[in-house]
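Here is the structure we will look at.
Bear in mind these aren't lab numbers, they're just calculated from the coordinates by the rules spelled out. Here the structure is a predicted model, which is why all the values come from computation and not from measurement. Using ideal geometry, Cβ is built from the backbone for each residue, glycine included, and neighbour counts are taken over all protein chains shown.
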Amino acid sequence: MKKYYSISEVANILGKSTETLRRWDRDGKLSAVREPMSNYRVYRKEQLQLFPEFNEVTQNNNIGNFVEPNNQYSVLELFAGAGGLAIGLEKAGIKCVALNEIDKWACQTLRENRPNWNVLEGDIKNYDFSEYKNKVDIVTGGFPCQAFSYAGKKLGLKDARGTLFYEFARVIKEVNPAICIGENVRGLLSHEKGKTLEGMISILDEIGYNVVTPVRVLKAINYNVPQKRERLILVGIRKDIDLEYNYPFPYEKIYNLSDVLKRGDLFDSDVPKSKGTTYPEHKKKVLDLIPQKGYWRDLPLDIQKEYMQKSFYLGGGKTGMARRIGWDEPCLTLTCSPAQKQTERCHPEETRPFTVREYARIQTFPDEWKFEGSVSQQYKQIGNAVPVNLAKEIGYSILSFLNRYYEMNQENFTSISLDKASIVSSNTLVPSTSRATSPTASMRSK
């Protein structure tokens, strides 16, 4: 394990900005030391061990998550999008039996890349999934974050009618899988002051599932994804299963943009050429002035005011605006449109948004995975996806759980079989000389 960590590494591990760490250094909250040659801030391992986030990453670094499936496990995926979660689970060794998605372009993407997948296109409300009852191990879904109407303190399934979470829960009830996985944005934790998540947990409880608590937010950068993306992962275990589920262990190594767009550990070639959108000329002139890892505050003051307009006078860092990503850092969270003012993700060297294939690489999609529709539709599909490598690590954690579940079932079956054999053995006919010893025989002899 390393003895020193750079400010960018510490920022990624602790989930803080480099500006926050510099302020902590000035205030003496977390003092950095200076690297002799470069004079850069670095942090000693002993300092960082005071933070649980650091210990979780470093202590589990050599454990890994890889697990081989002991059986052929299957998943039914809802709100499947362009397949990021499905590909990751497939890479882990889980078979996808069906996927539901309403967006026609995403459905075309799924069919084009996996002709053997059963893609159910259309509104989930129009589908009945009872044919999969007790035939599927996992149900997954990236349902939208919608508020419920609160009739009382404890919500039931009927209280969620009209929301897509209701449909997610309805399908789980119809299918009865061993485990269900819900995926959402981090904001679900605080949505409606936490009541929305509490309602979801209550509904899953009513239909027979215990939610693993605390519900975790996983950082993609800890799972071989060069992107500062966070996803809330909600895990429900069927109540008849007395087993603990463990979230995937995070890795210490953080990959940067260069690791994914250039040949390296993640891909064996440079990113292929592809189409992409462009900036309007006035925006390009502004972004030409931004250095790598820079943003709007790196502009001359007069241009800052002109570009930011009213936002210039508001609070907050707004670090995603006029942002040029550096080669030696993870990318900021990709959105559905790479050129919007609030979410610029400018290439490190060229003044342009990332291309479609660059976008896909940052989400760790395989290069052979093709996206259907217009360029804007392709960006939308990629931006909405679960990063493939994160999904794969979640898949391994599911395999670990299911392997233990089936092993437990087999042990119980063997135990029951032995008990039955013992009962049959004790009830076999005995010699006639022994029969008079039975209570009924004794009574008759009297």
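Assorted remarks:
- Beta bridges by DSSP in the chain, antiparallel share as percent, to the nearest 5: 55 percent
- Cα-based shape type of the chain, given that a ≥ b ≥ c are square roots of the gyration tensor eigenvalues and the cut on a/c is 1.5: prolate
- Straight-line cross-link reach from K195 at under 21 Å between alpha-carbon atoms covers these lysines, not counting any fewer than eight positions away in the same chain: K153, K154, K158.
- Placed amide H near G294: partners under 5 Å, 5+ positions off or other chain: R324
- The lysines whose alpha-carbon is closer than 26 Å to the alpha-carbon of K91, local same-chain residues fewer than 8 away aside, are K104, K133, K135, K219, K228, K253, K262, K273, K370, K380, K392.
- Under the Karplus curve 6.51 cos²θ - 1.76 cosθ + 1.60, θ = phi - 60°, whole-Hz ³J(HN,Hα) for region 279-286, x wherever Gly or Pro sits: 8, x, 4, 5, 6, 4, 4, 6
- Cα centroid separation - region 179-230 against region 240-287, whole Å: 22 Å
- Chymotrypsin sites (Phe, Trp or Tyr not before Pro) restricted to DSSP loop in region 1-40 with at most 13 other C-beta within 10 Å: Y40
- Loop sites in region 225-305: GluC sites (Glu not before Pro), DSSP, at most 13 other Cβ within 10 Å: E244
- Each principal axis of the Cα cloud of region 257-383 was evaluated for its coordinate range; sorted largest first, these ranges are 45, 30, 25 Å.
- Within region 1-58, GluC sites (Glu not before Pro) in DSSP loop having at most 11 other beta-carbon neighbours inside 10 Å: none
- Around the Cα centre of region 127-242, unit charges on the Cβ atoms of Lys, Arg, Asp and Glu (plus for the first two, minus for the last two) sum to a dipole of about 400 debye.
- Derived scalar couplings ³J(HN,Hα) [region 256-268; Karplus, 6.51 cos²θ - 1.76 cosθ + 1.60; whole Hz; x for Gly, Pro]: 9, 4, 5, 5, 10, 8, 10, 4, x, 5, 8, 9, 8
- Taking 19 Å as the straight-line reach from the Cα of K29, the aspartates and glutamates in range (excluding those fewer than 8 positions away in the same chain) are E9, E19, E46, E53.
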